[in-house]
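Undergrad: Structure provided below as structure tokens; questions to follow.
The values are calculated or read from the model by the stated rules, or taken from the named source; none is laboratory data. Predicted model only: the values in this text are computed from it and were never measured. For neighbour counting, all protein chains shown are included, and Cβ atoms are generated from backbone atoms with ideal geometry for every residue, glycine included. We work out accessible area using only protein heavy atoms, side chains counted, and drop any ligands, DNA or RNA first. Shrake-Rupley method; radii C 1.70, N 1.55, O 1.52, S 1.80 Å.
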Amino acid sequence: MKVLHLISGGDTGGAKTHIINLCSKLKDIVSLKIICFMYGQFYEEVKNAGIDIDVIQQSSRFDLSVVDKIAKMVETEGYDIIHCHGARANFIGMFLKRKIKNKPFITTVHSDFDLDFQDIFYKRVVFSFLNKLALKRFDYFISVGSALIDKIKGLGVREDRIFLLYNGFDFSKEIHYVKKDEFLSRFLDRKVFDSKIIIGNLSRLYKVKGLDVFIKAANIIAKKYPDVIFLIGGSGPQKEFLKQMISEYNLNDRVFLLGSIKNPYDFFNSIDINVISSYSETFPYSILEATALEKCCISSKVGSVPDLIEDGKNGFLFEVGDYKGLAQKIEILLQNKNLIKEFGQLLSKKAREKFSAENMARMQFEIYKSILSKK
């Protein structure tokens, strides 16, 4: 079985992590290649993982000269399946499908496609429309969480064309990170973080990530617990808005924007409680990355997160946008500090059993077999 994966190459979120974790295991089961459309961090990480990858560069997002090159590659190398990830690859896949008539085209839906470009107006209008137009042309769909299945059906897709595949993490790989003090000293004076409970949120600074919810909850906790600080790791268009919000709440000495974090494990190793405050998610990789270090997690009740976090049993959930509910769950942990370690261990155990990269690759292979048998 030969599979060709297409992805933009500029991805920095869950789609990037998904395809690296998936293909690092899937390459031992099928013959696969990844094509991306720009050089960058994604290309380097995939190559370093020992996965076959090539770049066919586009001069712009709308440069369709790559379509003929990919079509020739599919014909010459005899790929059985074309598998796309993300809006740019979907757009190219729509045109590629016109040239390749007898191969199944699959797309993995990594997030809510109505919210992907929410922070930039012209992208929200143009790219969201083009992505949905492209999505309707695909033969089969893979949802990385159960919550997206109804969303895909809303495009007019029959249920028998949709497959569920949870994100998976490679728990067997060696994880590298610097010591807590070394990492935090890059951003803060030691007196700021020394002997403090540290609550962290690592995500892109986009509206959909609900960092306003995180800051509002921090405002409640900061008034009652002087030994707690809050860290936000990541970059994005909401940076100035969040800085202003922190200042308005007089939280400049309690909530800190660290900027882009190159190694997420440096961040997770340095915090005590991991928070996901998103308004919408499918199944965020940041939970799995943190569970690899046995970190306790509180998350908004989004996507398929409740399939991993059982509220009050191995972590906490709160309703989307409910900053008071988030603050309440944080306070329970602060008053019962033994739960922080206990929940971290229980969550890690469940994640390793159910959400491993090996399981994800095996399930993906079975999906491919099912699709080819239908063909």
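Undergrad: Right, SER356: in contact with a Gly (Cβ under 6 Å, 6 or more places away or on another chain), surrounded by 20 or more Cβ atoms within 10 Å (Cβ to Cβ), touching a residue at least 12 places away in the same chain (Cβ under 8 Å) and closer than 26 Å to ALA49 by Cβ or not?
TA: It is true that SER356 is in contact with a Gly (Cβ under 6 Å, 6 or more places away or on another chain), surrounded by 20 or more Cβ atoms within 10 Å (Cβ to Cβ), touching a residue at least 12 places away in the same chain (Cβ under 8 Å) and closer than 26 Å to ALA49 by Cβ.
Undergrad: Going residue by residue through segment 73-93, is there one that turns out to be surrounded by fewer than 21 Cβ atoms within 10 Å (Cβ to Cβ), in a loop (DSSP other than H, G, I, E, B) and at pLDDT below 85?
TA: Checked against the condition, which is being surrounded by fewer than 21 Cβ atoms within 10 Å (Cβ to Cβ), in a loop (DSSP other than H, G, I, E, B) and at pLDDT below 85, segment 73-93 yields no hits at all.
Undergrad: From the list LYS191, LYS239, LYS207, LYS262, which one is among the basic types (Lys, Arg), closer than 21 Å to ALA15 by Cα and either open to solvent by less than 30 Å² (accessible area, probe 1.4 Å) or without any contact (Cβ under 8 Å) to a residue 40 or more places away in the chain (or both)?
TA: When all the criteria are applied, what remains is LYS262.
Undergrad: Tally the residues that are at pLDDT 90 or above, open to solvent by 30 Å² or more (accessible area, probe 1.4 Å) and among the polar types (S, T, N, Q), restricting the search to segment 1-52.
TA: Within segment 1-52, residues that are at pLDDT 90 or above, open to solvent by 30 Å² or more (accessible area, probe 1.4 Å) and among the polar types (S, T, N, Q) number 2.
Undergrad: Do any helices (runs of 4 or more DSSP H) lying entirely in segment 280-375 carry at least 1 residues that are over 27 Å from ASP150 (Cα atoms), and which ones are they?
TA: 285-291, 323-335, 338-354
Undergrad: What tally of residues in segment 128-169 results from selecting those that are charged (D, E, K, R) and either surrounded by fewer than 14 Cβ atoms within 10 Å (Cβ to Cβ) or not assigned by the TED database to the domain that holds GLY93 (or both)?
TA: Selection size over segment 128-169: 5.
Undergrad: Can you say whether ILE332 is open to solvent by less than 40 Å² (accessible area, probe 1.4 Å) and touching a strand residue (DSSP E or B) at 6+ places or on another chain (Cβ under 9 Å), as far as the supplied structure shows?
TA: Taking the combined requirement at face value, the residue does not satisfy it.
Undergrad: Sticking with this structure for a sec: Would you call VAL320 of a type in the set (A, V, I, L, M, F, W, C), assigned by the TED database to the domain that holds ILE271, more than 14 Å from ASN274 (Cα to Cα) and open to solvent by 10 Å² or more (accessible area, probe 1.4 Å)?
TA: For VAL320, the condition - of a type in the set (A, V, I, L, M, F, W, C), assigned by the TED database to the domain that holds ILE271, more than 14 Å from ASN274 (Cα to Cα) and open to solvent by 10 Å² or more (accessible area, probe 1.4 Å) - is met.
Undergrad: Let me ask something else about it. Exactly one condition in (1) in the same structural domain as TYR368 (by the TED database); (2) surrounded by 20 or more Cβ atoms within 10 Å (Cβ to Cβ) is not met by ILE215; state its number.
TA: (1)
Undergrad: Right, another one. Which ones in segment 53-72 are part of a loop (DSSP other than H, G, I, E, B) and surrounded by 15 or more Cβ atoms within 10 Å (Cβ to Cβ)?
TA: ILE56, GLN58, ARG61, listed by residue number.
Yes/no matrix, rows are residues, columns are (1) farther than 30 Å from ASN263 by Cβ; (2) touching a residue at least 24 places away in the same chain (Cβ under 8 Å); (3) outside the structural domain of LYS262 (by the TED database):
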residue: LEU22; (1), (2), (3): no, yes, yes
residue: LYS27; (1), (2), (3): no, yes, yes
residue: ILE34; (1), (2), (3): no, yes, yes
residue: TYR43; (1), (2), (3): no, yes, yes
residue: ASP63; (1), (2), (3): yes, no, yes
residue: VAL67; (1), (2), (3): yes, yes, yes
residue: MET73; (1), (2), (3): yes, yes, yes
residue: TYR79; (1), (2), (3): yes, yes, yes
residue: LEU96; (1), (2), (3): yes, yes, yes
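Undergrad: So, in segment 221-236, exactly how many residues are part of a helix (DSSP H, G or I) and either surrounded by fewer than 17 Cβ atoms within 10 Å (Cβ to Cβ) or in contact with a Pro (Cβ under 9 Å, 6 or more places away or on another chain) (or both)?
TA: Residues meeting the conditions: 2.
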